[in-house]
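To start, the structure itself, in structure tokens.
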Amino acid sequence: MRIGTQISYAGGFAESVADIVELEKAGLDIIFVPEAYSFDAVSQLGYVAAKTERVEIASGILQIYTRTPTLTAMTAAGLDFVSNGRFTLGLGASGPQVIEGFHGVKYDAPIGRTREIIDICRQVWRREKVVHSGKYYDIPLPAEQGTGLGKPLKLINHPLRERIPILLAAIGPKNVALTAELAEGWQPIFFHPERAADVWGESLAEGKAKRDPALGELDTYIGAALAIGEDVDHLLDQTRAQLALYIGGMGARGKNFYNDLAVRYGYADAAKEIQDLYLDGKKDAAAAAVPLDLLKAISLVGPAGYLKERLAAFAEAGATTLVVSPLQPGREGRVAAVSQLRELIG
């Protein structure tokens, strides 16, 4: 099982990169750089690539609506080149609040668009003349829609790899099935190992039944808070605000994918309470309403013996990479936590 982590959305980038340099020495395998509506991820990924030697770098995630498919492919090839083949293209739909509210682009057809984007990216990386006629993208642009001068082109440069790994952030049934069919990696959110099969098992089986064997096994990237020790349970409170934000505030009532996930996990009453409190502006109360057993199930917080049991549960549920968020303060604490986790995994 591999170990990854993620840079914060907001601030502290230089400090985070300094952390990564030390975490790389401690056995970190992959670093994710998010985007949301922060600084762009691409410039930061290039900087991380220059400052590291071995650790893989990944976008976590680039939103499918904010770049043309060919620009996404060009960007991935460029990042793979400057990192000497260490890049993974993390893609996702984000949500209407960000896509329509910040970018001013219509949020529609995330599954259909993702399927077409993957096809276009892989054409670009194989240095084929890109020709795609789909429901959402036409390349070249049909003559009647433009000047009529467009013609199929292939990437000028030679990518290091003709198949850069694609990872999809997905939690909805159809999106998860698409991921299992077409992507090298899957990144769900708030992964509850004991309940994951009930929520996603059918979708994963549906997608894997159509999967090209050349893609290999699906890598599953699980996010988890991390703290190892005899007296660390109180650190779980640090994770409450994030869950309350996602379950309560990432979308309107009836249109919140993360709230839907909490309901599918069996926390319908708590999900409603968290959302009601959050949308009423009572964010602290919403955080306090997040069930402790949910926090514990999706985290790696506790003594080493307990964590070994949790690691076995995550592995049994299909996790191949743990994207951890160390809760101990300071660089030494974060590096020590990753080192200890590496020892536990073996």
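Just to check your reading of the model, which residue among Ala14, Ala77 is in contact with a helix residue (DSSP H, G or I) (Cβ under 7 Å, 6 or more places away or on another chain) and of a type in the set (Gly, Ala, Ser)? Please lay out each step first, then the result.
Values: Ala14 fails: in contact with a helix residue (DSSP H, G or I) (Cβ under 7 Å, 6 or more places away or on another chain).
Matching residue, one of Ala14, Ala77: Ala77.
Residues that are out of contact with any Phe, Trp or Tyr (no Cβ under 8 Å at 6 or more places or on another chain), closer than 24 Å to Trp186 by Cβ, open to solvent by 10 Å² or more (accessible area, probe 1.4 Å) and not hydroxyl-bearing (Ser, Thr, Tyr) within the range 41-70 comprise Val42, Arg54, Ile61, Arg67, listed in sequence order.
Applying the condition of being part of a loop (DSSP other than H, G, I, E, B) and farther than 25 Å from Gln6 by Cα to the range 192-215 and asking which residue is least open to solvent (accessible area, probe 1.4 Å) yields Arg211. Out of everything in the range 83-121 that is part of a helix (DSSP H, G or I) and without any contact (Cβ under 8 Å) to a residue 12 or more places away in the chain, what residue ends up being least open to solvent (accessible area, probe 1.4 Å)? Here the answer is Gly101.
In this structure, Tyr47 does not qualify as part of a loop (DSSP other than H, G, I, E, B) and more than 16 Å from Pro326 (Cβ to Cβ). Evaluation of Pro329 against the conditions (1) touching a strand residue (DSSP E or B) at 6+ places or on another chain (Cβ under 9 Å); (2) modelled with pLDDT under 95; (3) surrounded by fewer than 16 Cβ atoms within 10 Å (Cβ to Cβ) shows that the sole unmet condition is (1). Could you check how many residues of the range 216-267 are open to solvent by 50 Å² or more (accessible area, probe 1.4 Å) and of a type in the set (Gly, Ala, Ser)? Here the count works out to 4. Is it true that some residue in the range 25-38 is of a type in the set (A, V, I, L, M, F, W, C) and open to solvent by 40 Å² or more (accessible area, probe 1.4 Å)? So far as the range 25-38 goes, no, none of its residues is of a type in the set (A, V, I, L, M, F, W, C) and open to solvent by 40 Å² or more (accessible area, probe 1.4 Å).
The values are calculated or read from the model by the stated rules, or taken from the named source; none is laboratory data. Bear in mind that the values here come from a model prediction, so they are computed numbers and not experimental data. Quick reminder, even Gly has a Cβ in these numbers, built from the backbone with ideal geometry, and neighbours come from all protein chains shown. Side chains are part of the model used for accessible areas, which takes the heavy atoms of the whole protein and leaves out ligands, DNA and RNA. Shrake-Rupley method; radii C 1.70, N 1.55, O 1.52, S 1.80 Å.
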